[in-house]
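What follows is a short report on a single structure.
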Amino acid sequence: MRVTGKIHHLQALRAIAASLVVADHALEYPIRRQLLGEHNYALAWILGWVGVAVFFVISGLIMVRSSYDTFGDIQQARRFAVRRILRVVPLYWLATSAFLVVSVVRTNAFNPVDLVKSLLFVPYLSPGASGMRPIVGQGWTLNYEMMFYMLFALSLTLRRGLGLAWIFVVLAALVVCHVIFWPPFPYSDPVTPAQFWSDPIILLFALGMVIGLLEHSALRRYAVPHPIACSLILMVACGGAFIALGGAFPLPVSWQILFAAMAVCTVYICTNAVTAAPGRVEQVLETAGDASYSTYLIHPLVLMVFATVWGLLPRSMQHPVAFLIGSILLCNLVGYLVHLSIERPLGEKLRHFAERPRDLPKRARLLA
């Protein structure tokens with residue numbers, strides 16, 4: 001069977017993952033205002049964790065898919081690294097600047113060391129913080145992404161088989177060291193860079209890579225109809241089980257394994273889709289998926305403004321479900337506008353500058 005519709009379904013899944021992270025942070029506002037019970041924090045946290053898990057699996061898949069034929073070439077490895085930096089860093093630094101301004105205005109405090117670590121994707125634990133978070137709080141996931149990109153760029157300098165084996169071994173070795181020095185039972189959030197970078201969550205990248213390798217194997221792949229609907233059903237089922245069984249955070253390893261398996265299944269389903277042409281809903285999700293990075297970065301600022309305006313309404317009109325839906329729609333809309341006006345044009349200009357042919361040195365031209 002010919003497998004089609006891979007890209008747009010994955011983009012739609014990106015939109016869902018970004019919206020789950022938005023929902024995580026949006027739910028905190030009605031909970032703080034006692035419009036929802038504090039037990040809903042568990043729902044908020046699991047929504048965010050699932051969104052991040054899906055993003056990590058997709059990252060592993062995309063790296064293999066986009067670089068499968070470029071192993072063993074140092075120039076290709078350099079180009080890969082430059083493209084990843086240009087994809088992630090410019091908008092992240094702009095977002096960091098915006099978040100820094102808001103933080104200084106609200107707290108009148110500024111730590112230059114934290115700023116440097118945030119800009120360079122170095123995890124750190126601020127005094128009184130419960131987790132290792134940069135200035136852009138959700139940017140903690142980018143610390144993992146950049147580590148993975150660095151490892152993958154190094155693997156591209158080797159021939160394919162050796163390079164892929166090397167990155168799998170490195171990720172597995174990091175997790176083994178983590179288990180030895182910081183036993184995962186009970187699980188606790190990382191509090192040092194070494195503990196952070198070796199957290200078992202990095203295996204999600206490896207699982208995504210496995211899906212990418214399956215695309216190039218002779219093994220039979222099972223195509224599933226209505227991949228987005230099936231993915232949502234899986235997410236709801238796993239999330240519902242977590243809530244019904246009284247799940248809590250920090251997320252135990254057993255639940256991490258379940259949600260990791262769910263994330264892998266959703267990415268696999270959306271990679272091997274039956275339908276070639278997306279429906280109208282999937283087209284909207286695909287568009288939102290194109291802007292998912294912008295949405296992911298700027299949504300806390302949007303939520304801050306939206307919650308302030310929402311708080312001006314009479315309390316009888318501040319329904320938490322309406323706030324949640326409005327937050328998801330508004331954050332995706334603003335994210336799309338940021339993608340169109342800043343992320344995409346800035347990225348295109350920087351890529352054009354980085355990849356343009358370099359003139360030969362003057363002396364070399366004279367000798368020629």
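The values are calculated or read from the model by the stated rules, or taken from the named source; none is laboratory data. Just so it is clear, the model here is predicted, and its values are computed rather than measured. Backbone-built Cβ (ideal geometry, glycine too); neighbour counts: all protein chains shown. Heavy atoms of the whole protein, side chains included, go into the accessibility calculation; ligands, DNA and RNA do not. Shrake-Rupley method; radii C 1.70, N 1.55, O 1.52, S 1.80 Å.
Which residues, counting only those in region 120-143, are in a loop (DSSP other than H, G, I, E, B) and surrounded by 15 or more Cβ atoms within 10 Å (Cβ to Cβ)?
The answer is Phe121, Val122, Pro123, Tyr124, Leu125, Met132, Arg133, Pro134, Ile135, Val136.
Just to confirm my filter: which helices (runs of 4 or more DSSP H) fall fully inside region 202-309 and include at least 1 residues that are of a type in the set (Ser, Thr, Tyr) and open to solvent by 50 Å² or more (accessible area, probe 1.4 Å)?
Working: elements: 203-214, 227-244, 253-271, 280-290.
By residue number, 253-271, 280-290.
Taking region 1-37, which residues are among the charged types (D, E, K, R) and either modelled with pLDDT of 90 or more or closer than 13 Å to Phe323 by Cβ (or both)? Give the derivation first.
So the first thing to find is which residues in region 1-37 are among the charged types (D, E, K, R), and the list is 2, 6, 14, 24, 28, 32-33.
Once the filter is applied, which keeps residues that are among the charged types (D, E, K, R) and either modelled with pLDDT of 90 or more or closer than 13 Å to Phe323 by Cβ (or both), region 1-37 yields Arg14, Asp24, Glu28, Arg32, Arg33.
Anything in region 314-324 that is surrounded by fewer than 12 Cβ atoms within 10 Å (Cβ to Cβ) and assigned to a loop (DSSP other than H, G, I, E, B)? List them, or say none.
At the first step, the residues of region 314-324 found to be surrounded by fewer than 12 Cβ atoms within 10 Å (Cβ to Cβ) are 314-317, 321.
Within region 314-324, Pro314 is the sole residue that qualifies.
Does any residue in region 142-168 that is within 20 Å of Trp93 (Cβ to Cβ) come within less than 7 Å, Cβ to Cβ, of a residue that is at pLDDT 95 or above and of a type in the set (Ser, Thr, Tyr) six or more places away or on a different chain, and which pairs are these?
Leu142/Tyr92; Glu145/Ser59; Phe148/Ser59
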